[in-house]
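**Student:** I have a structure I would like to understand better, so I am pasting it below and will then ask my questions one at a time.
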Amino acid sequence: MRLSLPIWLLVPLILAAEVVLLLLGWWQWQRYGAKQDLEVAFLARTAGAPLTLAQFEALPTAERDFQVLQLAGRWDTEHLFRVSNRYRAAAQGEEAVVPLVLGDGRAVLVNRGWYPLDQRDGVLA
């Protein structure tokens, strides 16, 4: 069984599909530009000297992403939590997230990094 559409229906369908594909391509191009802008902001903000907490809090909210901070406090290992099911190079692992309690009692969650699952005891010790 062969399906054939009349030309008066086929031409508008092809033109509509072409418009959709062009719009999707334009959308991807816009996303690429946005990602490039994020990369430039990341490189600019991580290249500078670390900020103190007071300097960081003085920044406008829109400029706080990707800033490197230098903080002093104590690790609250009692409240450590693990983010499971993270894979790197086909190896299953976890990420350890530990609160850093600052001098004024506030805490900042710090991702201490990924480790392979079979090294959990050594890393967390």
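The values are calculated or read from the model by the stated rules, or taken from the named source; none is laboratory data. This one's a predicted model, so the numbers in the text were calculated from it and none came from an experiment. When the accessible area is computed, the model is the full protein with side chains, heavy atoms only, and any ligands, DNA or RNA have been set aside. Shrake-Rupley method; radii C 1.70, N 1.55, O 1.52, S 1.80 Å.
**Student:** Indicate the gyration tensor shape class of the stretch 1-69 (rounded, prolate or oblate), computed on the Cα atoms with a ≥ b ≥ c the square roots of the eigenvalues: a/c under 1.5 is rounded; otherwise a/b larger than b/c is prolate and the rest oblate.
**Tutor:** On the way: a/c = 6.00, a/b = 5.12, b/c = 1.17.
It is prolate, given that a/c is not under 1.5 and a/b is the larger ratio.
**Student:** Can you list residues whose amide H is under 5 Å from Leu51's amide H, if they're 5+ apart or on another chain and H is modeled 1.01 Å from N?
**Tutor:** Amide H neighbours of Leu51: Val68, Leu69, Gln70.
**Student:** Output ³J(HN,Hα) for the stretch 60-76: one whole-Hz value per residue in order, computed from phi by the Karplus curve 6.51 cos²θ - 1.76 cosθ + 1.60 with θ = phi - 60°, and x for Gly and Pro.
**Tutor:** For the stretch 60-76, the Karplus curve yields x, 4, 5, 9, 7, 5, 6, 7, 9, 10, 10, 10, 10, x, 10, 6, 9 Hz.
**Student:** Another question, if that's okay. Output ³J(HN,Hα) for the stretch 109-125: one whole-Hz value per residue in order, computed from phi by the Karplus curve 6.51 cos²θ - 1.76 cosθ + 1.60 with θ = phi - 60°, and x for Gly and Pro.
**Tutor:** With coefficients 6.51, -1.76 and 1.60, one gets 7, 10, 7, 7, x, 8, 9, x, 4, 6, 10, 4, 4, x, 6, 7, 6 Hz.
**Student:** Based on the inverse mean of 1/r over its pairs of different Cα atoms, what is the Kirkwood hydrodynamic radius of the chain, in Å? It would help to have the intermediate numbers written out before the result.
**Tutor:** Numbers: mean 1/r = 0.0506 Å⁻¹.
Over the chain, the inverse of the mean reciprocal pair distance is 19.8 Å.
**Student:** A further question follows. Which whole-Hz couplings ³J(HN,Hα) result when phi for each residue of the stretch 87-92 is put into the Karplus expression 6.51 cos²θ - 1.76 cosθ + 1.60, θ = phi - 60°, listed in order with x for Gly and Pro?
**Tutor:** 10, 9, 6, 6, 10, 7
**Student:** Give me the 1.4 Å probe accessible area per residue for the chain, excluding ligands and nucleic acids, in Å².
**Tutor:** Working: 10030 Å² over 125 residues.
Averaged over the residues of the chain, the accessible area is 80 Å².
**Student:** Of all the accessible heavy-atom surface of the chain, with the other protein chains kept in place and a 1.4 Å probe, what percent is carbon and sulfur?
**Tutor:** Working: 6100 of 10030 Å².
Summing carbon and sulfur atoms, their accessible area is 61 percent of the total for the chain.
**Student:** Which value, to two decimals, describes the C-alpha radius of gyration of the stretch 41-101 once divided by 2.2 N^0.38 Å? Kindly include the intermediate steps, with their values, before the conclusion.
**Tutor:** Details: Rg = 15.3 Å, N = 61, 2.2 N^0.38 = 10.5 Å.
In units of the 2.2 N^0.38 Å rule of thumb, it is 1.46.
**Student:** In nm, what is the difference between 0.36 nm times the number of residues separating Ile7 and Arg82 and their Cα-Cα distance? Don't jump to the answer; show the numbers that get you there.
**Tutor:** Working: separation 75, 0.36 × 75 = 27.00 nm, distance 6.05 nm.
20.9 nm is the gain from fully extending Ile7 to Arg82.
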